[in-house]
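**Q** I'd like to ask some things about the structure below.
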Amino acid sequence: DARVTQTPRHKVTEMGQEVTMRCQPILGHNTVFWYRQTMMQGLELLAYFRNRAPLDDSGMPKDRFSAEMPDATLATLKIQPSEPRDSAVYFCASGPPWGSTEAFFGQGTRLTVV
Amino acid sequence: DAKTTQPNSMESNEEEPVHLPCNHSTISGTDYIHWYRQLPSQGPEYVIHGLTSNVNNRMASLAIAEDRKSSTLILHRATLRDAAVYYCILRLDSGGGADGLTFGKGTHLIIQP
């Protein structure tokens, strides 16, 4: 059963610490998305990659957030330094290399910055 | 992305049909209508999408108005497991792979036993 895998599922960290979230997209998918969900803002698109190249990161705070795809099987989202306002659920999704069809979401990483 | 308007919440009874409306009066000719849902503590999941014609799949049906300014997601026989937030999203078909989805507030569907 193909699925997007995110690790860790939960992370509690202190303000100022670096946080790295990882995502394994579905094999064969060439597009990877990072979303953030909070009660106030709902689901926001932070960035996405196609064939490992960043296509759009306009939704991402540039000063502290960075997203990379070291290889086709791993995407990372890093926050350094973390702040309490970064507390949210971060979702990764992947999409197949045809048409404008569905995106498949992972279970999310729940981040709490204290 | 063109904007969609959905009711904040709807309530229905188990085993009855549910019709979830979505207005998208500024839709362009190349926008596809996508529906996703998010179950509690889960990531969003794809439900259905269409362009002009009505569409059916194992999860739901999508009825699209002739002028495409509105659509309705139909769950034929709701179960308690269908309780979720349902998002109606317009998406340009750019080909060559999926583009980012712009989620609104969605409709919180409550199913009563």
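The values are calculated or read from the model by the stated rules, or taken from the named source; none is laboratory data. Worth saying up front: this structure is predicted, and the values here are computed from it rather than measured. For neighbour counting, all protein chains shown are included, and Cβ atoms are generated from backbone atoms with ideal geometry for every residue, glycine included.
**Q** Would it be correct to say that B:Arg68 is farther than 23 Å from A:Trp98 by Cβ, away from every other protein chain (no Cβ under 13 Å), without any contact (Cβ under 8 Å) to a residue 60 or more places away in the chain and crowded, with 16+ Cβ neighbours inside 10 Å? It would help to see each step written out before you state the result.
**A** Values: farther than 23 Å from A:Trp98 by Cβ: yes; away from every other protein chain (no Cβ under 13 Å): yes; without any contact (Cβ under 8 Å) to a residue 60 or more places away in the chain: yes; crowded, with 16+ Cβ neighbours inside 10 Å: yes.
Judged against the criteria, B:Arg68 is a match.
**Q** Specify the residue that is farthest from the other protein chains (Cβ to nearest Cβ); the eligible residues are those in region B:20-43 that are under 20 Å from B:Ala78 (Cα atoms) and not in a loop (DSSP other than H, G, I, E, B).
**A** The extreme case among them is B:Pro21.
**Q** When you check A:Asn30 against the structure, is it at the interface with chain B (Cβ under 9 Å from one of its Cβ atoms), exposed (fewer than 15 other Cβ atoms within 10 Å of the Cβ) and over 18 Å from A:Thr112 (Cα atoms), yes or no?
**A** Criteria not met by A:Asn30.
**Q** Taking into account only those residues within region A:60-110 that are among the basic types (Lys, Arg) and closer than 16 Å to A:Lys11 by Cα, which is surrounded by the fewest Cβ atoms within 10 Å (Cβ to Cβ)?
**A** The extreme case among them is A:Arg85.
**Q** I've got another one for you. Residues to consider are B:Ile27, B:Ile33; find the one that is within 22 Å of A:Ala93 (Cβ to Cβ) and among the hydrophobic types (A, V, I, L, M, F, W, C).
**A** The conditions single out B:Ile33.
**Q** Here's something else I'd like to know. Taking strands (runs of 3 or more DSSP E) that fall entirely within region A:47-114, which contain at least 1 residues that are at pLDDT below 95?
**A** Fully inside region A:47-114 and qualifying: A:53-56, A:65-71, A:88-95.
**Q** Is it true that some residue in region A:33-44 is without any contact (Cβ under 8 Å) to a residue 12 or more places away in the chain and surrounded by 15 or more Cβ atoms within 10 Å (Cβ to Cβ)?
**A** Yes - at least one qualifying residue is present in region A:33-44.
**Q** Another one. Could you tell me which residue of region A:83-114 is nearest to A:Ile26 (Cα to Cα), considering only residues that are in contact with a Pro (Cβ under 7 Å, 6 or more places away or on another chain) and of a type in the set (S, T, N, Q)?
**A** So the residue we want is A:Ser94.
**Q** Being more than 15 Å from B:Gly106 (Cα to Cα) and not in a strand (DSSP E or B) is the filter; apply it to region B:5-19 and report the residue that is nearest to the chain's Cα centre (by Cα).
**A** B:Pro17
**Q** When you look at B:Ile111, is it in a strand (DSSP E or B) and farther than 30 Å from A:Asn30 by Cβ, yes or no?
**A** Details: in a strand (DSSP E or B): yes; farther than 30 Å from A:Asn30 by Cβ: yes.
Taking the combined requirement at face value, the residue satisfies it.
**Q** What residue, among those in region B:37-81 that are aliphatic (A, V, I, L, M) and more than 14 Å from the chain's Cα centre (by Cα), is nearest to B:Cys22 (Cα to Cα)?
**A** In the first step, residues of region B:37-81 are kept if they are aliphatic (A, V, I, L, M); the result is B:39, B:47-48, B:51, B:55, B:59-60, B:62-65, B:73-75, B:78, B:80.
Filter again for more than 14 Å from the chain's Cα centre (by Cα), leaving B:78, B:80.
Working: B:Ala78: 18, B:Leu80: 22 Å.
For region B:37-81, the residue satisfying everything is B:Ala78.
**Q** Check off (1) under 15 Å from the mean Cα position of the chain (by Cα); (2) within 11 Å of another protein chain (Cβ to nearest Cβ); (3) within 15 Å of B:Pro44 (Cβ to Cβ) for A:Thr38 and give me the number that stays unchecked.
**A** For A:Thr38, the failing item is (2).
**Q** Report yes if some residue within region B:86-94 is farther than 28 Å from A:Leu55 by Cβ, among the aliphatic types (A, V, I, L, M) and within 14 Å of chain A (Cβ to nearest Cβ); otherwise report no.
**A** no
**Q** Condition first: outside any loop (DSSP other than H, G, I, E, B) and among the polar types (S, T, N, Q). Can you find one or more residues in region B:44-53 that meet it?
**A** no
**Q** Might you let me know whether region A:100-112 holds any residue that is more than 12 Å from chain B (Cβ to nearest Cβ) and not small (Gly, Ala, Ser)? Even if it seems obvious, please write down each step before you answer.
**A** From region A:100-112, those more than 12 Å from chain B (Cβ to nearest Cβ) are A:111-112; that's our starting set.
The next check asks that each one be not small (Gly, Ala, Ser); those that pass are A:111-112.
Yes.
**Q** Then there's this: Suppose we keep only residues that are within 17 Å of B:Arg91 (Cα to Cα) and among the aliphatic types (A, V, I, L, M) within region B:51-62. Which one would you say is surrounded by the fewest Cβ atoms within 10 Å (Cβ to Cβ)?
**A** Restricting to residues being within 17 Å of B:Arg91 (Cα to Cα) and among the aliphatic types (A, V, I, L, M), the top hit is B:Leu51.
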